[in-house]
Structure formats: structure tokens, C-alpha cells
Amino acid sequence: MPETGENAPDFTLPSTGGDYVTLSAQQGTPTVLFFYPRDDTPGCTKESIGFSEALGTFEEAGAKVFGISRDTIDKHEKFTAKHDLTVPLLSDDEGSVTEDYGVWVEKNMYGKKSMGIERATFLIDKDGKIARIWRKVKVPGHVEEVLQAVRAL
């Protein structure tokens, strides 16, 4: 599980819009990675819409933003179209990136245990080091808090 101050685990993942995103290629630019459990669920939808609505403000602050889940690109594309999302969504359908970032965890819902993605956000500085980590994210106010941290870099 990566910690603040460490190099962010590198990856290359398919993105909505038909591109591939490589984290190390983002060096020189602060990058926000928000990990979320699943497309088209209430919290994930609110979070993705929030980051989409603020994407221009993040870009003005010099940062890039990417959402990551284990959903397929096809599912991401449908989710993006349904909610007019502008933030790029990356597909970690094999699960290696969610495991590298320590967000693939055992969850306990209504007494039933299962594995899933913990809602978490990583702010990576322009040198590729993890500047801040938010774990067990609560959606209300989160986008604003991340934006403040980007501006403080």
C-alpha cells in the first residue's frame, strides 16, 4: 500500500474516448486519481459528476483528474454518456492498479463480506510522488477538499 511521499505506482490503462493513460507520462503535472467502486451507483455517480463539474477548475489549477474502477471501458462509456461526464474514466478490469494502490479491500455490508474498491483519492505531485491520500472518502465536499490540496501544492 503506497504512502504519502512515495513514488506513485505507475500504470497504463484504457480510458474513455479510446485513449490509454500512463501515469508516468503525466509527470510535470499534478494528477488526481479517484478510485470508486462501480459505475452508475448513487455515490459513484455523485462523485464522478462532482469531478466532471469541477474539471475546468482543476485544469486551471494545473492538474489532471482521472477516475478509476474495475468496470470495463464499454461500461465506462455508457456511464459517461448517461451522465454527461467530462472526467476521463480508466478501466482497471484486471485489478492490478486497484491492488497496487491498496484500495482492493474486504468490505462488510449488512454482515456479508466481499471484496471491493474502497473509495479513495490520491493526489500525485508533478514529480510523481504521492502528496496526499484520502481513504474511505465521503462524497459531500470531497471534490472541493481535493481542489484545495491541488492549489496548495
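A few remarks follow.
- Positive-end residue, the chain charge dipole about Cα centroid, Cβ charges, pick of VAL105, LEU89, GLN27: VAL105
- Only beta bridges with both residues in the range 11-153 are counted; by DSSP, about 70 percent of them are antiparallel.
- Three-way shape call for the range 1-43 based on the alpha-carbon gyration tensor, with the a/c threshold at 1.5: oblate
- About the centre of its Cα atoms, the range 4-153 shows a dipole size close to 580 debye [charges on the beta carbon of Lys, Arg (+1) and Asp, Glu (-1) only; nearest 20 debye].
- Positive-end residue of VAL143, ILE124, ASN7, charge dipole of the chain with Cβ unit charges: VAL143
- Kirkwood Rh in Å, taken over the chain so that all alpha-carbon pairs contribute: 15.4
- Most mobile of VAL105, VAL97, VAL143 in a GNM of the chain (Cα contacts under 10 Å): VAL105
- Using a cut-off of 29 Å between Cα atoms, the listed pairs LYS46/LYS107; LYS82/LYS136; LYS64/LYS113 include LYS64/LYS113 as exceeding that distance.
No value in this document is a laboratory result; all are computed from the given coordinates. Just so we're clear, the structure is a prediction, and the values are computed from it rather than from any experiment. Using ideal geometry, Cβ is built from the backbone for each residue, glycine included, and neighbour counts are taken over all protein chains shown.
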